[in-house]
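Taking it in order: structure first as structure tokens, then the write-up.
Laboratory data are not the source of any read-out in this text; all were calculated from the coordinates shown. Keep in mind the model is a prediction, meaning the values are calculated, not measured. Quick reminder, even Gly has a Cβ in these numbers, built from the backbone with ideal geometry, and neighbours come from all protein chains shown.
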Ligand SMILES: [Zn+2]
């Protein structure tokens, strides 16, 4: 069905979700007709979508949500739900369906406050009589309190509520939650599948599509950004120049500072686009007087919004750094490929000269150590080590013999 077209290189997953959506549809039809529900059902009320970053688990969950809300008349004629065009599919895919709630981490965690309304909603019946769908985009960011709220809701679901949780891996979710979920496992899509999507969806020339797909190693969103956003290409070019700039200590510090500055700049751009509009909207809703004076008692609400915006900026900076670290890892992985003479295709052919130069000048052992240093930087950022400190430690380690 058309909704599964958004899944890139995930045939097994499409088949699994298609079967479940059919059974879900049969359940709704049986209830509406007053007939007993079908006995064996592939439908269940809690799902956990896992997959490496960028494989598209949120896209898969959203496509499934659309299929659950599909009201296409073709279903009655034996077709699968998920036409992509009916009101149910369309509003779900664009995020305006009244019975589909999406939860995403604003900052680095999903707080209990962020979840409260959604959890309450999960105990009610859907407005249109089909399914009440709750999609949690980054379930790995649930903190202890919010995870417990989700657990309670998943333990005692309302009859027509479906939870769709997304996380990188099973280990990222509380065992008590995960044991109540049916598991949908996405694989890293092949470079061919990603390139094919870029040609089909973004109208990119095949050659550029293959290069972007290779460069981003199966990360669909990154690949799409690389072919559509010139700023993304500039940032990537700067990151790939870094390994040649860390030859002396001064270069290490300078490169680290620039990497962090670029990430900060990107998060600022994002913030300026969203924050200003959001603040104005809230002020208008609270009834700010002309000249910006806020009515009494609204300071708390404004403060709450400022906190939320601050959390979002921190997260955006972290995401931007994370992307740079992914590109860097790809660079050293290519160096290793050359050093070991393996027949794997290089991801970063545009800097082949630099790859060869570093491959000749260093050993495979030191390349592995550098890849470890990048992973250590990522872990430090996860532990909230100040970004500049973490990145400086990394650039120093990239230099050392
Ligand atoms: Zn539909």
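Quick look at the numbers
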{"read-out": "Hydrodynamic radius of the chain per Kirkwood, over alpha carbon pairs, in Å", "value": "23.5"}
{"read-out": "Pairwise Cα inverse-distance average, inverted: Kirkwood Rh of the stretch 38-122 (Å)", "value": "14.8"}
{"read-out": "Two-site FRET efficiency, residue 148 against residue 285, from Cβ-Cβ distance with R₀ of 30 Å, rounded to 0.05", "value": "0.45"}
{"read-out": "Cα centroid of the stretch 106-130 to Cα centroid of the stretch 153-227, whole Å", "value": "22"}
{"read-out": "Helix 144-155 axis, angle to the chain major axis (alpha carbon atoms, nearest 10°)", "value": "40"}
{"read-out": "Calculated FRET value between residue 158 and residue 12, using beta carbons and R₀ = 30 Å, to 0.05", "value": "0.50"}
{"read-out": "Label-point separation in nm, residue 298 to residue 33, each point 7 Å along Cα→Cβ", "value": "5.4"}
{"read-out": "Computed E for residue 23/residue 179 - FRET, C-beta separation, R0 25 angstrom, nearest 0.05", "value": "0.70"}
{"read-out": "Residue-span extension gain [residue 378 to residue 322] - 0.36 nm each, minus C-alpha spacing", "value": "19.5 nm"}
{"read-out": "Value of [θ]222 nm, deg cm²/dmol, for the chain, DSSP H segments ≥ 4, -39500 (n - 2.57) each, nearest 500", "value": "-19500 deg cm²/dmol"}
{"read-out": "Square roots of five times the Cα gyration tensor eigenvalues for the stretch 3-185, Å", "value": "25, 18, 15"}
{"read-out": "Highest-fluctuation residue, 49, 64, 253 considered, GNM on the chain with Cα pairs under 10 Å", "value": "253"}
{"read-out": "Separation of the residue 396 and residue 170 label points, Cα + 7 Å toward Cβ, nm", "value": "4.0"}
{"read-out": "Label-point gap, in nm, between residue 261 and residue 234 - each point 7 angstrom along Cα→Cβ", "value": "1.3"}
{"read-out": "In degrees, nearest ten, helix 299-340 long axis to first principal axis of the chain (Cα)", "value": "50"}
{"read-out": "Principal-axis tilt of helix 230-241 within the chain, Cα atoms, nearest 10 degrees", "value": "40"}
